Amino acid sequence: MHGARPTIGDVARAAGVSKGTVSLAYSGKRPVAEETRRRIFAAAESLRWTASSSAQALATSRTSTIGLVIARRPEIIATDTFFPRFIAGCEAVLAEAGMGLMLNVVADDDAETAAYERYAAGRVDGVILLDVEQGDRRPDLVRELGLTAVILSAEAPHEEEPVDTPVTPVVYTEDAAAVGELVELLVDAGHSSIAHVSGPLRYVHAAARRDAFAAAMARHGLVPDRIVEGDFTAASGRDATAALLNGDDRPTAIVYANDVMAIAGLSYARSSGLRVPEDLSVTGFDDSELSAHLSPGLTSVSTGADVRGAVAARTLLAALGGDAHRAVLVDGTIVVRRGSIAPPSRP
């Protein structure tokens, strides 16, 4: 509306930061990068905005709590070792900063939106976004709600956000290289008939692993035509393995998108009379503790989930202070070789 008084939100948009960062710049309660502070003050001056008592209240009403919403079924969370490791990494950093973590497990989009709306009502200072989906709605949602956020992804950001949009930092790993190394190990062992059981392809990290598998196969002149989509559960791993092994031309190796599906697939193969790794080589992803104690041990990929949690928390704390990088690489994805790969017993 013409003639309306400028608000702290107007200043935040003009400076490319969150409302919380604007209030921090004026209150001095937490450090704000000097360049960010100058940008905020310049925006306030150009808009003729003066910090009011309500704006100052934003700084003094900090909750010292970070929010984390996980939109997965409880049975998946219970069996996937990534989540407890990631949360432990977050908690270690937050505890040092005198802060805590608020966790919500939700079943659908409506419940997820409601959780973020509760967070925005003053329950948390910022949020970490996990399980990023293709065309994910949440970055825009939390931005509209005025929540400072950090995104955890399996690949670097593809493009910069518009200059008038507040930066949402992305903490990422490079899953593609690890998947390529798994395929390389199988090819070097003599496999040419290799399948992949992916996670739900709506997730960026599942699609990234699927694409990396296809690209690695193509580099070796192999056709990536045996890809079955799972959902990260043991049941889906077993069903996908059954579909692959009961076909006319079964693969001699399977690359799974997580350890839970790989372990279930390994069990199904052995119950079907196949020897692992002599008749079927298998690999997982996430390097769960159980993987090292199977017979044979499961070749997998350690993702450094605890390190990722710690980096995500530190990046969010920096963002709350107006001093976060656009993209932060976590260099901790390592292939762990065990006994589940061997030359195929048949051509």
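Regarding V32, is this residue surrounded by 13 or more Cβ atoms within 10 Å (Cβ to Cβ), at pLDDT 90 or above and touching a helix residue (DSSP H, G or I) at 6+ places or on another chain (Cβ under 9 Å)?
On the way: surrounded by 13 or more Cβ atoms within 10 Å (Cβ to Cβ): yes; at pLDDT 90 or above: no; touching a helix residue (DSSP H, G or I) at 6+ places or on another chain (Cβ under 9 Å): yes.
When the stated conditions are applied, V32 does not pass them.
If a residue must be of a type in the set (D, E, K, R) and open to solvent by less than 20 Å² (accessible area, probe 1.4 Å), how many such residues does the stretch 134-159 contain?
Residues meeting the conditions: 1.
Check the stretch 254-262 and report whether any residue there is in contact with a Phe, Trp or Tyr (Cβ under 9 Å, 6 or more places away or on another chain), among the polar types (S, T, N, Q) and not in a strand (DSSP E or B).
Within the stretch 254-262, one or more residues are in contact with a Phe, Trp or Tyr (Cβ under 9 Å, 6 or more places away or on another chain), among the polar types (S, T, N, Q) and not in a strand (DSSP E or B).
With the condition kept exactly as written, say whether any residue in the stretch 174-195 is surrounded by fewer than 16 Cβ atoms within 10 Å (Cβ to Cβ), among the aliphatic types (A, V, I, L, M) and touching a Phe, Trp or Tyr at 6+ places or on another chain (Cβ under 9 Å).
no
Quick check, is A257 within 26 Å of P84 (Cβ to Cβ) and either touching a strand residue (DSSP E or B) at 6+ places or on another chain (Cβ under 9 Å) or surrounded by fewer than 24 Cβ atoms within 10 Å (Cβ to Cβ) (or both)?
Yes, satisfied.
What is the number of the single condition among (1) over 19 Å from the mean Cα position of the chain (by Cα); (2) assigned to a loop (DSSP other than H, G, I, E, B); (3) closer than 30 Å to R137 by Cβ that D225 does not meet?
(3)
Filtering the stretch 77-100 down to residues that are β-branched (V, I, T) and under 15 Å from the mean Cα position of the chain (by Cα), which residue is farthest from L129 (Cα to Cα)? Walk me through it before giving the result.
Step one: filter the stretch 77-100 for residues β-branched (V, I, T), giving 77, 79, 81, 87, 93.
Cutting the leftovers down to under 15 Å from the mean Cα position of the chain (by Cα) gives us 77, 81, 87.
Values: I77: 16, T81: 18, I87: 12 Å.
This residue is T81.
Taking D131 as meeting all but one of (1) open to solvent by 40 Å² or more (accessible area, probe 1.4 Å); (2) out of contact with any helix residue (DSSP H, G or I) (no Cβ under 6 Å at 6 or more places or on another chain), write down the number of the exception.
Only one criterion is unmet by D131, namely (1).
Would you check which residues across the stretch 217-242 are in contact with a strand residue (DSSP E or B) (Cβ under 6 Å, 6 or more places away or on another chain) and open to solvent by 20 Å² or more (accessible area, probe 1.4 Å) and list them?
R226, I227, V228, E229
Please count how many residues of the stretch 101-120 are of a type outside the set (A, V, I, L, M), surrounded by 13 or more Cβ atoms within 10 Å (Cβ to Cβ) and over 19 Å from the mean Cα position of the chain (by Cα).
3
Of all strands (runs of 3 or more DSSP E) completely enclosed by the stretch 269-347, which ones contain at least 1 residues that are open to solvent by 20 Å² or more (accessible area, probe 1.4 Å) and over 30 Å from A12 (Cα atoms)?
Hits in the stretch 269-347: 300-302, 334-336.
When the residues of the stretch 189-205 are narrowed to those that are at pLDDT 95 or above and of a type in the set (A, V, I, L, M, F, W, C), which ends up farthest from R250 (Cα to Cα)?
L201
Limited to the stretch 73-97, what total is found for residues that are within 17 Å of L320 (Cβ to Cβ) and open to solvent by less than 60 Å² (accessible area, probe 1.4 Å)?
Going through the stretch 73-97 one residue at a time, the tally reaches 4.
If we scan the stretch 39-55, do we find a residue that is within 16 Å of L317 (Cβ to Cβ), in a helix (DSSP H, G or I) and either modelled with pLDDT under 90 or of a type in the set (F, W, Y) (or both)?
no
Answer with yes or no whether R143 is under 28 Å from A207 (Cα atoms) and assigned to a helix (DSSP H, G or I).
Answer is yes for this residue.
The values are calculated or read from the model by the stated rules, or taken from the named source; none is laboratory data. These numbers were taken from a predicted model, which means no experiment stands behind them. Neighbour counts are summed over all protein chains in view; Cβ atoms, including those assigned to glycine, are modelled from backbone coordinates with ideal geometry. We work out accessible area using only protein heavy atoms, side chains counted, and drop any ligands, DNA or RNA first. Shrake-Rupley method; radii C 1.70, N 1.55, O 1.52, S 1.80 Å.
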